[in-house]
1. Among the candidates A:73, A:116, A:90, which residue alone is within 14 Å of chain B (Cβ to nearest Cβ), out of contact with any Lys or Arg (no Cβ under 6 Å at 6 or more places or on another chain) and open to solvent by less than 70 Å² (accessible area, probe 1.4 Å)?
2. Just need a number here: residues in the range B:129-166 that are surrounded by fewer than 21 Cβ atoms within 10 Å (Cβ to Cβ) and in a helix (DSSP H, G or I).
3. Without any contact (Cβ under 8 Å) to a residue 12 or more places away in the chain and within 14 Å of chain B (Cβ to nearest Cβ): is that true of residue A:83 in this structure?
4. Find the residue count for the range A:93-113, including only residues that are of a type in the set (Asp, Glu) and open to solvent by 30 Å² or more (accessible area, probe 1.4 Å).
5. Out of B:75, B:63, I need the residue that is out of contact with any strand residue (DSSP E or B) (no Cβ under 7 Å at 6 or more places or on another chain) and surrounded by fewer than 20 Cβ atoms within 10 Å (Cβ to Cβ). Which one?
6. Please specify each residue of the range B:220-236 satisfying the condition of being among the hydrophobic types (A, V, I, L, M, F, W, C), surrounded by fewer than 17 Cβ atoms within 10 Å (Cβ to Cβ) and at pLDDT below 90.
7. Across the range B:13-37, what is the number of residues that are more than 21 Å from the chain's Cα centre (by Cα), more than 20 Å from residue B:70 (Cβ to Cβ) and open to solvent by 60 Å² or more (accessible area, probe 1.4 Å)?
8. Within the range B:255-270, identify whether any single residue is in a strand (DSSP E or B) and open to solvent by less than 30 Å² (accessible area, probe 1.4 Å), and answer yes or no.
Amino acid sequence: MQIIPYLIIVGGFSYVGYGIGAYYIKRERFMLDIIAFCKALKVQIGFSSNTLKDIVENIMSEFSPPFKQILKSYLKVLKKYDYVTVNILSKNLNNIYLEEAENNVMLQLFNFLGKSDSQHQIEAIDGYLYSFNSYLLQSRNQKIKYAGLYKKLGFFAGVLVCIIVM
Amino acid sequence: MLNNVLPKQIYEAIINNVNYKDLYEIRFRLGKAICVNIKNKLKYVTENSLSYNSQYAIICTKQIINSIIFRASDQSIYAFNEQIKHGFITIKGGIRIGIAGQAVIDKKEVKTLKNFSSLNIRIPHEIKGCSNKALKLLLQNNSIYNTLIIAPPGAGKTTFLRDLACQISNKLEPLNLLILDERFEIGASDQGVCGLDVGNFSDVLSGIDKAYGFESGIRSMGPQIIFTDELANYADVKAIEYASGCGVKVVASAHGFGVEQLKQKSYFNKLLDLNIFERFVVLSVKNGAGTYEGIYDSNFNNLLN
């Protein structure tokens, strides 16, 4: 029976470690979603000329929950405000997976959407794609480096605490 | 429909103080007072009403213009760029927003407009029976003469054209009518559904230029009569010539004050030389929009006299 508290401690620390490790996995997935979204935008804007609301509503289901939430919030902004600005977007589009500079680039992308002709939109989206691809590489490296590390760290930290308590 | 594009304050100031059917235009000019045309009388939009005095008028800002265009294009300017580069966006109900700004030109072609500076929101009106007076002079057995409607802007060309299509569609034995609605103003088509009555036997081809529309429309829909708005260049004249050569009757409209003035335009001279049009209906705003100035035959005899 005495082993149960120790198991709980190891389990708790492992869970925290797993959570931090999973953050890096989700962060990479978030980047992949932004890139997929940009590619879908390029096709939809360039060929079918669908409106932003239609595009977002049609493709939203294809993304993971964190990015889906961003798209839902963006849709609300489009419906609520006469004219979208970075300020409005920064108050409504929140996420924990991007660093500040990356988040600013994402807000700039959403702010730019719909405000010019298709040629200009596509050229700009290409620029954003370039940035997000480099962020993806960064997030992938972080995942390789930290995802497994934090999982192990959590476990060993739990074991260490158990040893100290004993 | 207007509430979808206008800022709330401006919309309420207008709609609470004017009968919608009397509202012709709303004008926005950057840095100038916002004004409305009510039955060809000018009034200024103030914070909560309309006034003949510009002193308390709301001054149009860049933000107001941008927000109207952004909302009119459903937050997707690129999706309306074909219209914008021709200087307009048409929204639900056939409301046309004319746009002025700076043209972006690439390889001698207008790519788009930017730095929007003025907007002219034109409200379409459906006036049933406004073509009654002309109808009997335009009919030929169970069809219609090739007819050109000539009028200055705001004199009711499109309203006349729409009513004529409706009357022919309802009164004559079933004839297939094709309406080439380049600017979405005749049928006010939205997602395939006409917002304004164009009769029971009319097919509406929207957002298409006349040259392509005449050719593909005749091939695909087999119309007996084609209705189209605002002939404006040689390509349109060519399209009319093509339709006439196919044995299809044409009813079209053009900007002008009369036949004599139209002759000064080189492309109309060509059209007149071809002797395609057999009737000319001239409208003006003399006694309000849709005033008949004359209905002329191909020898330019006024049939109203």
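1. Working: A:73 fails: within 14 Å of chain B (Cβ to nearest Cβ); A:90 fails: within 14 Å of chain B (Cβ to nearest Cβ).
Answer to the check: A:116.
2. Residues in the range B:129-166 being surrounded by fewer than 21 Cβ atoms within 10 Å (Cβ to Cβ) and in a helix (DSSP H, G or I): 5 in total.
3. Numbers: without any contact (Cβ under 8 Å) to a residue 12 or more places away in the chain: yes; within 14 Å of chain B (Cβ to nearest Cβ): yes.
Yes.
4. Just the residues of the range A:93-113 that are of a type in the set (Asp, Glu), to begin with: A:99-100, A:102.
Add one more test, that the residue is open to solvent by 30 Å² or more (accessible area, probe 1.4 Å), and what stays is A:99-100.
Counting residues in the range A:93-113 that are of a type in the set (Asp, Glu) and open to solvent by 30 Å² or more (accessible area, probe 1.4 Å) gives 2.
5. Numbers: B:75 fails: surrounded by fewer than 20 Cβ atoms within 10 Å (Cβ to Cβ).
One residue alone meets the criteria, B:63.
6. Applying the first criterion (among the hydrophobic types (A, V, I, L, M, F, W, C)) to the range B:220-236 yields B:221, B:225-227, B:231-232, B:235.
Within this subset, residues satisfying the condition of being surrounded by fewer than 17 Cβ atoms within 10 Å (Cβ to Cβ) are B:221, B:232, B:235.
Matches in the range B:220-236: B:232, B:235.
7. Count: 4.
8. As a first pass, look at the range B:255-270 and keep what is in a strand (DSSP E or B): B:255.
Checking which are open to solvent by less than 30 Å² (accessible area, probe 1.4 Å) leaves us with none.
No, the range B:255-270 contains no residue that is in a strand (DSSP E or B) and open to solvent by less than 30 Å² (accessible area, probe 1.4 Å).
The values are calculated or read from the model by the stated rules, or taken from the named source; none is laboratory data. Bear in mind that the values here come from a model prediction, so they are computed numbers and not experimental data. We place every Cβ from the backbone using ideal geometry, glycine too, and count neighbours over all the protein chains shown. Accessible surface is based on the protein model in full, side chains and every heavy atom, while ligands, DNA and RNA are left aside. Shrake-Rupley method; radii C 1.70, N 1.55, O 1.52, S 1.80 Å.
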